[in-house]
Amino acid sequence: MKDIHRQAISQRIDWLFDLARRHGETFRGPEAWLARERYHAEHPTAIGVLKCMDGRINIPVATNTPAGILMPFRNLGGMFDLGWPHLGEVLAHHVQRMTGNGRRVLFLITYHWSRGNPQRGCAGFGYDTAAAIAHTQEIRRQMEHIFGSGHGTVYPLVCGFETDEEALSIHGSDGSVLDLAGLGGADLATLEPRLAALLPDMPVQMRADLLPLMLGNLEHICEIRAQTARQQRRLDIEHREWVICIGRGFDFLHTPNLALIIGPYSPDLADPIRKAAGIIDANMKAGRIPDDGFLLLASVPYDEIGVDRARAELKSRFLSRFAADVIREEFPELAGRMSSRNAVLDWRSRNLELIGA
Ligand SMILES: [Zn+2]
């Protein structure tokens, strides 16, 4: 990727929509479609991932999983409260749809941290990893309240993501932790019994479907270490975000330090928008990005044409207007440099369609 961060805002926006277009084309191609179909047939457990909006948290890449298998839920700091009306509805709907098709649901509830430098941890939690872990445990308890604590169908699993080596760690129900960064190639064969010992209450099929993610992550950690040895990997990448995304369907933007992605979940939506705008403002003032503009991108996915798509249009426009109002109120100078685009996303084809204001 050439240094897109240095180009004029209009070129950066063109680049971004071109990226979305290429992502959609790959996603709906026959090869990718067949790979997903085959994956679902071999691994029937539906896997959702609750995670931070930080662009470094790319679980499909870190686990060598094909795009479109892991269902992402993103928010600032990976902070979620299942009492939030919209979030609770989205999650419950997701679970009902999956179980209606006979599938179990595994939720990876993630926090992230850095082994090398606490300041590379989660800004949303003020770099306090213990607080981030406590929050994921609370989400786990909320999930058990809603979906049951027997874990026969829905399993909430707390996972750490160490961003220096992009290594996962799995938290067992008894408090012990399996850190994949501590395992080597020789441990591949022992991973299955380790998982069984750590998660004795997890249905056998689900454990079998979790295993490929763990194996993929072990391979990925090896690649990352090789990159680090060749000095091709920079850890202290600074904040250079110039996009605020609001809504859902931003899989194509899984690039570190490019976009701040805000899910439409929190009833206090203004809070993450303010924080994101503050980061963009600081980026401009420090000269990390050009100060000629930033992009506010609203996207809302739809499953069906007709009513569902029409409602997605209204939601997209609402989210965009709401975010723009917050930014205008709190950062009037920054608001003058805002370009905004509204879109709906055909979820099945991942086709991002621009709509008018
Ligand atoms: Zn974070």
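None of the figures in this text is laboratory data; all of them are computed from the coordinates on show. Bear in mind that the values here come from a model prediction, so they are computed numbers and not experimental data. Using ideal geometry, Cβ is built from the backbone for each residue, glycine included, and neighbour counts are taken over all protein chains shown.
Tabulated data for the structure shown
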| item | result |
| --- | --- |
| Protection-proxy order for peptides 182-190, 255-263, 290-298, 321-329, each taking the mean of Cβ atoms within 10 Å per residue, highest first | 255-263, 290-298, 321-329, 182-190 |
| Antiparallel bridge percentage (DSSP; both residues within the chain; nearest 5) | 25 |
| Efficiency of FRET between Val307 and Ile4 - r from beta-carbon atoms, R0 45 angstrom, step 0.05 | 0.75 |
| The range 45-53 - phi-based ³J(HN,Hα) in whole Hz, Karplus 6.51/-1.76/1.60, Gly and Pro as x | 5, 7, 10, x, 10, 8, 8, 6, 6 |
| Using θ = phi - 60° and Karplus 6.51 cos²θ - 1.76 cosθ + 1.60, couplings along the range 261-278 (whole Hz; Gly, Pro as x) | 9, 10, x, x, 9, 5, x, 9, 5, 5, 4, x, 5, 4, 5, 5, 4, x |
| Per-residue HN-Hα couplings for the range 217-233 [Karplus 6.51, -1.76, 1.60; θ = phi - 60°; Hz; x = Gly/Pro] | 5, 4, 4, 5, 4, 4, 4, 4, 5, 5, 4, 4, 5, 7, 6, 9, 10 |
| For peptides 4-11, 224-231, 19-26, sequence by mean Cβ density within 10 Å, most packed first | 19-26, 4-11, 224-231 |
| Among beta bridges that DSSP assigns inside the range 43-229, antiparallel share in %, nearest 5 | 25 |
| Förster radius 45 Å - calculated FRET efficiency between Ser149 and Asp292 (Cβ-Cβ, nearest 0.05) | 0.30 |
| Order by protection proxy (mean Cβ within 10 Å, highest first), peptides 167-173, 105-111 | 105-111, 167-173 |
| Residues with amide H under 5 Å from that of Ile246, placed H, sequence gap 5 or more | Ile262, Leu297, Ala298, Ser299 |
